[in-house]
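Contents: one structure, followed by commentary.
The values are calculated or read from the model by the stated rules, or taken from the named source; none is laboratory data. All values reported here derive from a predicted model rather than from experimental measurement. Cβ: placed from backbone, ideal geometry, glycine included. Neighbour counts: every protein chain shown. Remember, those area values only see protein heavy atoms, side chains included, never the ligands or the DNA or RNA. Shrake-Rupley method; radii C 1.70, N 1.55, O 1.52, S 1.80 Å.
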Amino acid sequence: MKSFLQVFGHEPQIVADAPGRVNLLGEHTDYNDGFVLPTAIGQRTRVALATTTGERFTLLSTRIGHPVSFTLDDPPAEHHASYVFGCLKLLQARGVRVPALNLHVSSDVPMGVGLSSSAALEVAFLRALRALLSLDLDDVAIARLGQRAEIEFAGVNCGIMDQMAASLADEGSMLFLDTRTLERRLLPFPPNAELLVVDSGVPRSLAESGYNRRRAECEEACRLLGVAALRDVTDPAALDGLPEPLQRRARHVVSENARVLEAAQQVDPGRFGMLMDESHASLRDDYEVSVPELDRLVAALQGHGAVYGARLTGAGFGGACVALCHRGQAAVAGREVVDGCRRSGVAAAILVPAAAASSDGPAHG
Ligand code: GLA
């Protein structure tokens, strides 16, 4: 793609970026006020911008391929640009006078696989605006704004995990986050282990995939239980009176929170891997957000000798799986599993480790 200079004829004033994330444990817990354990990945989204005259914003993104033009009163038609538009509208509503901008977005965060490409874009863009306009926004405020942009302008009733991870996580540690209080700690990875992330090749779309339906089911379960959030339930026996499927949905959330809390006690990699395996079974059987291709990929990963444990990651309904591997063996294990998938006609691909991903054919997104 052309550079900012090639497109706009001058250099950008500000360049900022933010990473994608992979969630190790704590799936579908964040909108239940629960606990999550993501980490940042090496792939990042970069936003370059400069002010311009008039009222029109011009956005060129690797994801769209052609320039998109909009004003604050005339939203862009492209879904991808709605994250940018949403951030601008929310700042405007806070009284910030945002000048017209030329924007250039490039990213190697894979899209639509559960690695939060949209949060990376929101956080990178808000970081760039913070620098340009000297905004009084800390990293948590940026995460909150990004989440609202996603809910109000992209139609996904998401929790706060992805934006908190893009804003506050790093690649070297796990971000243990209480999504109710936003208290957080950076924790070391289990010893002698490293991450492997594999795309199943099955695309998913959050808004169309039942994500919002799952969230509504959890809210209904809370109403019936008389609690503010499923986070407030710790004894699975308290769920016994709930009708199905609400009982299973709630059971996933309660058991998943317990898994994150245990993992945050810095368990050994064998135990961490078992918690990941249990998380996948719960997402498959109780929360019903897996698909057969993900189950097969997870089973193949779990069956590999260098893997401690594996699960789907992100919202589910397709997308990527994460595995915890013996240190130094993730690339080889990923290669073997991906080759096996491809022999049976499934277009799986390694996404992390990044070095193994880049030698694994064309990148996504
Ligand atoms: C998506 C949402 C997050 C979270 C996960 C599932 O990534 O954006 O807020 O709910 O799904 O854990």
> Out of all the residues in segment 142-179, which are more than 13 Å from the ligand (Cβ to nearest atom), over 25 Å from residue 93 (Cβ atoms) and not small (Gly, Ala, Ser)?
Replying inline: 170, 171, 174, 175, 176, 178
> If you go through segment 292-314, how many residues are buried (at least 24 other Cβ atoms within 10 Å of the Cβ) and out of contact with any strand residue (DSSP E or B) (no Cβ under 7 Å at 6 or more places or on another chain)?
Replying inline: 0
> Quick one: in segment 13-56, which of the residues that are touching a Gly at 6+ places or on another chain (Cβ under 6 Å) and part of a strand (DSSP E or B) is surrounded by the most Cβ atoms within 10 Å (Cβ to Cβ)?
Replying inline: 36
> Of all residues in segment 107-141, which are away from the ligand (no atom under 16 Å from the Cβ), open to solvent by 10 Å² or more (accessible area, probe 1.4 Å) and in a helix (DSSP H, G or I)?
Replying inline: 127, 130, 131, 132, 133, 139, 141
> Restricting attention to segment 67-75, does a residue exist that is in contact with a Lys or Arg (Cβ under 9 Å, 6 or more places away or on another chain), outside any loop (DSSP other than H, G, I, E, B), of a type in the set (Gly, Ala, Ser) and open to solvent by less than 10 Å² (accessible area, probe 1.4 Å)?
Replying inline: no
> Condition test on residue 70, is it more than 17 Å from the chain's Cα centre (by Cα) and free of Cβ contacts under 8 Å to residues at least 24 places away in the same chain?
Replying inline: yes
> How many residues does segment 282-309 contain that are within 16 Å of the ligand (Cβ to nearest atom), of a type outside the set (Val, Ile, Thr) and at negative phi?
Replying inline: 7
>> Looking at segment 185-223 only, could you name the residues that are closer than 25 Å to residue 271 by Cα and either free of Cβ contacts under 8 Å to residues at least 12 places away in the same chain or among the polar types (S, T, N, Q) (or both)?
In response: 192, 200
> Considering only segment 1-34, how many residues are at pLDDT below 95 and among the polar types (S, T, N, Q)?
Replying inline: 2
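Looking at residue 226, is it open to solvent by 10 Å² or more (accessible area, probe 1.4 Å), more than 23 Å from residue 160 (Cα to Cα), touching a residue at least 24 places away in the same chain (Cβ under 8 Å) and more than 16 Å from the ligand (Cβ to nearest atom)? Lay out the reasoning, then the answer.
Numbers: open to solvent by 10 Å² or more (accessible area, probe 1.4 Å): yes; more than 23 Å from residue 160 (Cα to Cα): yes; touching a residue at least 24 places away in the same chain (Cβ under 8 Å): no; more than 16 Å from the ligand (Cβ to nearest atom): yes.
Criteria not met by residue 226.
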>> Considering only segment 82-89, I want to know if a residue exists there that is within 16 Å of the ligand (Cβ to nearest atom) and open to solvent by 10 Å² or more (accessible area, probe 1.4 Å).
In response: yes
>> Please determine whether any residue of segment 333-348 is without any contact (Cβ under 8 Å) to a residue 40 or more places away in the chain, over 21 Å from the mean Cα position of the chain (by Cα), within 18 Å of residue 113 (Cβ to Cβ) and open to solvent by 70 Å² or more (accessible area, probe 1.4 Å).
In response: yes
>> So, residue 287, is that one within 30 Å of residue 33 (Cα to Cα) and over 20 Å from the mean Cα position of the chain (by Cα) or not?
In response: no
> Mind checking whether some residue in segment 261-274 is closer than 26 Å to residue 111 by Cβ and either assigned to a helix (DSSP H, G or I) or open to solvent by 40 Å² or more (accessible area, probe 1.4 Å) (or both)?
Replying inline: no
> Are there any pairs with C-beta distances below 6 angstrom linking a residue in segment 156-184 that is within 13 Å of residue 142 (Cα to Cα) and open to solvent by 20 Å² or more (accessible area, probe 1.4 Å) to a residue that is within 15 Å of the ligand (Cβ to nearest atom) and in a loop (DSSP other than H, G, I, E, B), with the two at least 6 apart or on different chains, and if so which?
Replying inline: 162/116
